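Got a structure for you, written out below as structure tokens; questions coming shortly.
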Amino acid sequence: MSTFIHGGSALQLDVAARAHAALSRGDIVQIDPAVGATDDGLSTRVPVISDALGQVAPYGVVLGSNGKSTFALGEDVLIRIMGVCQANMNTASVVGDGVILRAATSLAPQGASTFTADASGNKLCGIAHTAGTGLQTVFFNGLTTWG
């Protein structure tokens, strides 16, 4: 069930999806807008950042629980499109770092005061709330198209 919380401190939005491959809690995925005749529009994919597909697709972080943190191909998953969550960080983040989407299932931290869009189409998508690599707490905005 999706939670939509407004007012106060933040917005939180979760949506259902279907795993395109084996996924784990914290993986970054994109809802695939290129729906084929046999697809129902729920499939995920590795993020595509630098083309038209990447401009219209929402991105999300695979959610999980203490009892369920891995998902098989074709399994239903819940992804966080916007809000605070645990996401995979590819290198060490610092609290307050901007984090960027890239063509991978992890985020990359970018210093808060040094972020600039780059030629590869990386997109700023959130702020690190904890420091380190692997699963880290971030505020994630998967509706971003800035890059």
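Taking Cα pairs under 8 Å and at least six residues apart, what relative contact order does segment 13-141 come out at, in percent?
Value for segment 13-141: 27 percent.
Using the beta-carbon distance between Asp40 and His129 and R0 = 41 Å, what value does 1/(1 + (r/R0)^6) give for FRET efficiency, to the nearest 0.05?
Values: r = 34 Å, r/R0 = 0.83.
Taking R0 as 41 Å, the efficiency between Asp40 and His129 is 0.75.
About the Cα centre, and with charges only on the beta carbon of Lys, Arg (+1) and Asp, Glu (-1), how big is the dipole of segment 13-141? Nearest 20 debye, please. Write down the numbers at each step before the final one.
On the way: 7 positive and 10 negative charges, 50 e Å.
The dipole of segment 13-141 has a size of about 240 debye.
Pull out the extension gain between Lys68 and Ala92, defined as 0.36 nm times the separation in residues minus the alpha carbon to alpha carbon distance; nm, one decimal.
Numbers: separation 24, 0.36 × 24 = 8.64 nm, distance 2.52 nm.
Full extension from Lys68 to Ala92 adds 6.1 nm.
Each value in this text was obtained by applying a stated rule to the coordinates, not by laboratory testing. Remember, predicted model here, so these are calculated numbers, not experimental data. Counting neighbours? That spans all protein chains shown, and the Cβs are built from the backbone with ideal geometry, glycine included.
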